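Participant: Quick one: structure below, then a few questions.
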Amino acid sequence: MSKNLIIKQYEIGPLNNFLYLLGDPATKEMAIVDPAWDVPFLCRQAKEMGFKITKVFLTHAHPDHVNGLDDIEETIPVYISRHEAPFLRHGLKNLVDVDEKGRSQGSPLQVGSITFEVLHTPGHTPGCQCFLAQGQLITGDTLFIDGCGRCDLPGGDAKIMYKSLEILMKLPEDTVIWPGHHYGPTPTDTIGHQKQTNPYLRCDSLQEFLGERM
């Protein structure tokens, strides 16, 4: 049976958030990325496709990406960077830390039989992370189509963001970007094309980037 990753993208909420379902057709398991605004809708979508929600992946902990966590069953683990967990309210029992190497309790993140590489990409917040599998990159608020995340909010740092974008630019040119908001001309794009059109990826130096971003 095919193990090709299934990605379903939904634009929900007043801030043009992109919410995602990531599924393994071999095991019929799915993860929700950044549950916000209308989690019951996402759960219904998964059920209608014949999948079961077994995990939650968080790119970061800003309210517009996590305000639906109360609608997640407490038995479902919620994976978050260990640098980001303090941003969430105390007492959330199903939080699971992800370290800088993208591992949780020594193991890589998986949805069913599909393994995800987790890239620690701070700058927008200290614990921003991206999820990569089969050439598909969920970027949250690190990288948008023709844009990147703000660096002037608590925990943000434009110098660190520049380094994080350098990490993403080293990925294969045909890597597909799936951003956290619909702020650009298209809902997805490739790393290669973004190098040509994204003003933040076209900066030749940190100084130029700081001038653009700040």
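Participant: Take segment 45-82 and flag every residue that is assigned to a helix (DSSP H, G or I) and closer than 20 Å to Cys130 by Cα.
Facilitator: Within segment 45-82, Pro63, Asp64, His65, Val66, Leu69 qualify.
Participant: Could you grab me the full set of residues in segment 1-22 that are touching a Ser or Thr at 6+ places or on another chain (Cβ under 8 Å) and either modelled with pLDDT of 95 or more or of a type in the set (Ser, Thr, Tyr) (or both)?
Facilitator: Hit for segment 1-22 is Gln9, nothing else.
Participant: A further question on this structure: If I go through segment 152-183 residue by residue, how many of them are surrounded by 17 or more Cβ atoms within 10 Å (Cβ to Cβ) and modelled with pLDDT under 95?
Facilitator: Number satisfying all stated conditions: 2.
Participant: Related question: Is it the case, given these coordinates, that Ala26 is under 17 Å from the mean Cα position of the chain (by Cα) and closer than 22 Å to Thr115 by Cα? Working first, answer last.
Facilitator: On the way: under 17 Å from the mean Cα position of the chain (by Cα): no; closer than 22 Å to Thr115 by Cα: yes.
No; evaluated as a whole, the condition is false for this residue.
Participant: Enumerate the pairs (first residue in segment 96-120 and polar (S, T, N, Q); second residue anywhere and not in a strand (DSSP E or B)) with beta-carbon separation below 9 Å, excluding pairs fewer than 6 apart on the same chain, so at least 6 apart or on different chains.
Facilitator: As it stands, the answer is Ser104/Pro77; Ser113/Lys3; Ser113/Ala26; Ser113/Thr27, since those pairs meet every condition given.
Participant: Moving on to the next point. If you go through segment 11-33 one residue at a time, how many are under 14 Å from Val56 (Cβ atoms) and of a type outside the set (A, V, I, L, M, F, W, C)?
Facilitator: Total satisfying the criteria: 3.
Participant: May I pose another question? Is there a residue in segment 13-21 that is under 17 Å from the mean Cα position of the chain (by Cα), under 18 Å from Thr121 (Cα atoms), among the aliphatic types (A, V, I, L, M) and buried (at least 16 other Cβ atoms within 10 Å of the Cβ)?
Facilitator: Within segment 13-21 (the criterion being under 17 Å from the mean Cα position of the chain (by Cα), under 18 Å from Thr121 (Cα atoms), among the aliphatic types (A, V, I, L, M) and buried (at least 16 other Cβ atoms within 10 Å of the Cβ)), the answer is no, since none of the residues qualifies.
Participant: While we're looking at this one, here's another question. Name, by its number, the condition in (1) exposed (fewer than 15 other Cβ atoms within 10 Å of the Cβ); (2) farther than 20 Å from Pro187 by Cβ that does not hold for Asp24.
Facilitator: Just one mismatch for Asp24, condition (1).
The values are calculated or read from the model by the stated rules, or taken from the named source; none is laboratory data. Note that the coordinates shown come from a computational prediction; the quantities given were computed from them, not determined experimentally. Virtual Cβ from ideal backbone geometry, glycine too; neighbours counted across all protein chains shown.
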